[in-house]
Structure formats: structure tokens, C-alpha cells
Amino acid sequence: MSETSVANTLRRPRAPRKTAAPATTFPVVDNDSGIDTSYLETLLGYNARRAALAVIGVFLQRMAPYGLRPVDFSVLTLIAHNPGITSRQLCAALDILPPNLVGMIKSLDQRGLIERRPHPTDRRAQGLHVSAAGKKLQKSAQATATQLESDVASRLTAQELDTLKDLLRKVYRG
């Protein structure tokens, strides 16, 4: 799935238009909205999307000072933790299409956060490395990401959080 379609599916849906539908259209349950979401809450995709929206909302707010979107943060972090990584390797690791990565790499390069260097074993490829400014920004952004994850997951114990991450990895790794 392309990055654009994934991003579109993660966006908050627009608020429903106000119509003349009677209030009794939806069965009332004991929750804040009064809307029966019990079936949706049995679905993995629904729960994963709701959790992702909760995390992404806080992420966007806290990463704004760094000028990083979630995918920019992921790319910069992989480069920082894997000096010399190639664009092809980034695409494989993040499951994004090469054309979608080109603009991100260009933007990070123009901001002076990364450097392109000849790959030591593949003349056709360039290795990507973080610059000194990139290391500083990535380190601060990583600390912010760690704290925001802790804040967002504060209702979970450490063991529950580890279990949740393990189970989610099982789903997306097949």
C-alpha cells in the first residue's frame, strides 16, 4: 500500500453532516458518546486505527518544533541508527514506495540533517548518514518520542505495553 493511501486511511474522518436523522437511530450504550460501537470495538483494524490516531495526534503536536512528521522521524531515525543505509533499504524497512521516499530524502538533505556518500560496495547506490545537525535533532526528537509514547500509554503497565507491541508486530509481519 502506498504511503499516501496509508496516510489517508489514518486521517480523522470529517465530522458527519448534520441531518434530520432521529436520535433513536443508534442504540444507546453506556459510553461517553451514547453511540453503540460494540461491534467496531471487536475489530482489530478499528482498534489499531483508533490507537494510531491517539498516538499520531500527540506525535504531530510534540514533533512540530522539530519539523518532523511521523515518516520523516522514522526515516531520520533509521538513518541515525544505520549509518550508510540505502534508499532501497529504507523503502523495504518502512514499506514505502521509492517515489515517496525521494522527496523526504531531498527535504532532509536540504535541511542539512543528512548527507549522501558513495556506498562502499555498490557504485550505483549512495549511503545515507546523519549530519552533525541531524544527530542533534534526531537525539532530541527521539527523547521526545520516547516520552510521548510513555505519556500516551500511561494506562498500560510496562508488561501490557510490551505485549501489545509484540502482538501488533505479529499482525504486520505476517
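Relative intensity of region 48-131 on a log10 scale, I(q)/I(0) at q = 0.11, 0.25, 0.26 Å⁻¹, equals -0.32, -1.28, -1.34, per a Debye sum over C-alpha point scatterers of equal strength in the absence of solvent.
Ligands, DNA and RNA aside, K135 has an accessible area near 120 Å² when probed at 1.4 Å.
Would region 24-174 count as rounded, prolate or oblate if I go by the C-alpha gyration tensor, calling it rounded below 1.5 in a/c and otherwise prolate when a/b exceeds b/c, oblate otherwise? In terms of gyration-tensor shape, prolate.
Simple rule: put +1 on each Lys or Arg Cβ and -1 on each Asp or Glu Cβ in region 88-149, find the dipole, and look at A93, L148, H129; the Cα lying farthest toward the positive end is H129. Shape class for region 87-140: oblate, because the ratio a/c of the largest to smallest gyration tensor axis (alpha-carbon atoms, square roots of eigenvalues) is 1.5 or more and b/c is at least a/b.
Dividing the mean sequence gap of close Cα pairs (under 8 Å, 6+ apart) by how many residues region 94-145 holds gives a relative contact order of 27 percent.
Ligands, DNA and RNA are left out, and with a 1.4 angstrom probe the accessible area of region 35-133 is 61 Å² per residue. Amide hydrogen proximity for I85: with H placed 1.01 Å from N in the peptide plane, the residues at 5 or more positions away or on another chain lying under 5 Å are L128. The alpha-carbon of K106 sits under 20 angstrom from the alpha-carbons of these lysines, leaving out residues fewer than 8 places away in its chain: K135, K136.
The values are calculated or read from the model by the stated rules, or taken from the named source; none is laboratory data. Note that the structure is predicted; figures quoted are calculated from it, not measured. Don't worry about glycine lacking a Cβ; one is built from the backbone with ideal geometry, like all the others, and counts go over all protein chains shown. The area values use the complete protein model at the heavy-atom level, side chains included, leaving out ligands, DNA and RNA. Shrake-Rupley method; radii C 1.70, N 1.55, O 1.52, S 1.80 Å.
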